[in-house]
Structure formats: structure tokens, C-alpha cells
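For reference, the structure is listed below as C-alpha cells.
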Amino acid sequence: IGVNDYPSLEQRWWLKGPGNDVALVAQYLTTEAPVPFLPEHVTVLSDGVEGSKDPTLAAIRTAFADLTADVQPADFVYLHFSGHGSQSPALDPSTELDGLDEIFLPRDIGPWSDKAGTVENSLVDDEIGQMIDDLRAKGANVWAVFDSCHSGTATRSVELTDDEVLMRQLPPEALGIDPEMIDEVASRSIGEQEAQADAPFDGGAEDGSFVAFFAAQTNEVTPEKKLPRGEPDRKPQGVFTYTLMEVLAEYPGATY
């Protein structure tokens, strides 16, 4: 899943690299992986990638439902998310140590809704977790890679110059969330964080294994820039995605 453009947001918040990320990943999986995937076993949801589906929330949910219906015990599933991430007040505060949900933004993202208590068409971390649990419950082994940020502020230009670095971070106010509300939620959670140093983790009782790679902690940023450096045909890529694919190509037998 790769999301470049966000029609509901100002164009300065759009990205350049996610479509290139998922194209690079799909190429690796079907050609260079130790056990190559069949092309029909790779689903790409991204704007700007020929033959792919639009990365809307509905399309993402449908793709996960189809995948869950198809997987068999011991199947290997690779998931890749490239795009914007942000934070919003948690729908269920008991599941978040800091009181904030981490959200991945599909292309049809909308504004914050006070009535619903969420960002319209956002993909909340709890839902992603449930989707992965459903795959594991079928016995599938899942590796998920997230090349997105979860918080921060940045101002980016529409054009990406040769040496410019963009950050995949979207401040809550760009989604219509009052920053003071975010601060208030986080402040209320400080005592709980001190009482419980480690974030809660539910290993679950699923049969399948699960490994997750994150490009950033919840308070860090994730860059994209033109890669490979110094090459005339370089193009915008997530630095984390590009580096990961580069290492996998060089060390195909590497462990996690």
C-alpha cells in the first residue's frame, strides 16, 4: 500500500515516494526474493502505479478480506505500508499508553470528526492489528513493514529537488484536530506511562508468527529522498524502504 496524493489535504502535504516504494517492493518480491512470489499473489494499492488499485480505505479493507479468505496455514504474508501517518485521540484509551491512536492515512482521508471521535477514513492501528490477527488465525506467518511517521510537523514544497528530504509526517492540525486536544490527552497519560514503562503487547493465541518493522518510533520522523544517490535516473523513495530492499537483495539469507 502506497499513498502519494491526498486530495482532501493541501498539496504541500502530498508525497512523492510511496508509489515508487511499492513498485520497488513488488519487483523484489516477484524477481529477487529467495522464494519469488507469483505476480498474481502480489496486490498493489497505490496511486501513480500502473495497474494498481486506488489506495482508499474501502479498497484496503477489501484487499485484506480477500487475502484472509485465501491464505492457508504456513503461508508467508508480506505487508508494506508507505505514506503518511499521524495521531489522533484513541477511540479506546485503554489500548494506548499515551492515549493516542497511531493512524495510517489512505488516499481518501477526511477531516477529524468530533461526533465520531476519529479522522474520517483513517486506518487506525487497532484495525490494522485486527487484520493481522485474522491472518495469523488462519495460520499465516506475517511480516509487516511500515514506512510512515506517526507524529510531528513539517512544511514541504510540491517539487522535490535532487537533494531535498521530505518527512512522512502529518501534524494533527492538518487533519483538523485541535493540537491542544492532543496535548491534553497525552498529558493525562503521563502518569500511566510512568507506572508502566513498556507499551502493552498482546501476543495473542494465533498460530501464525508476526514480525513488524517500523521506520520510526511514534515520536520520530521518516524521510524520503531521491535514490540511489548520485545516479542520473534516481527517483523519490522512502529511505527505509529503499535501504531494506537493498539489504535484502545483498543478503537474501538474512534473518530478521
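The values are calculated or read from the model by the stated rules, or taken from the named source; none is laboratory data. Treat the numbers as computed from the prediction; the structure is a model and nothing was measured. All Cβ positions, glycine included, derive from the backbone under ideal geometry; neighbour counts span all protein chains shown. SASA here: full protein model, heavy atoms, side chains in, ligands and nucleic acids out. Shrake-Rupley method; radii C 1.70, N 1.55, O 1.52, S 1.80 Å.
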ALA74 among the hydrophobic types (A, V, I, L, M, F, W, C) and farther than 19 Å from ASP178 by Cα: yes
Qualifying residues in the stretch 1-16 (those that are crowded, with 21+ Cβ neighbours inside 10 Å and modelled with pLDDT of 95 or more) - the one farthest from GLU250 (Cα to Cα): TYR6
Test: GLN27 is among the polar types (S, T, N, Q) and not in a helix (DSSP H, G or I): no
Enumeration of residues in the stretch 60-83 that are over 14 Å from HIS41 (Cα atoms), open to solvent by 30 Å² or more (accessible area, probe 1.4 Å) and part of a helix (DSSP H, G or I): ARG61, THR62, ALA65
ALA23 being open to solvent by less than 70 Å² (accessible area, probe 1.4 Å), small (Gly, Ala, Ser) and more than 25 Å from LEU170 (Cα to Cα): no
Hey, ARG136 under 19 Å from HIS41 (Cα atoms) and surrounded by fewer than 16 Cβ atoms within 10 Å (Cβ to Cβ) or not: no
Residue count for the stretch 9-24, restricted to those that are part of a loop (DSSP other than H, G, I, E, B) and either basic (Lys, Arg) or more than 19 Å from the chain's Cα centre (by Cα) (or both): 2
Residue within the stretch 208-222 that is farther than 23 Å from GLU32 by Cα, open to solvent by less than 40 Å² (accessible area, probe 1.4 Å) and within 19 Å of the chain's Cα centre (by Cα) present: yes
Residues of the stretch 30-59 classified as surrounded by 13 or more Cβ atoms within 10 Å (Cβ to Cβ) and either assigned to a helix (DSSP H, G or I) or among the small types (Gly, Ala, Ser) (or both), total: 8
Any helices (runs of 4 or more DSSP H) falling wholly within the stretch 168-256 and containing at least 2 residues that are at pLDDT 90 or above: 239-250
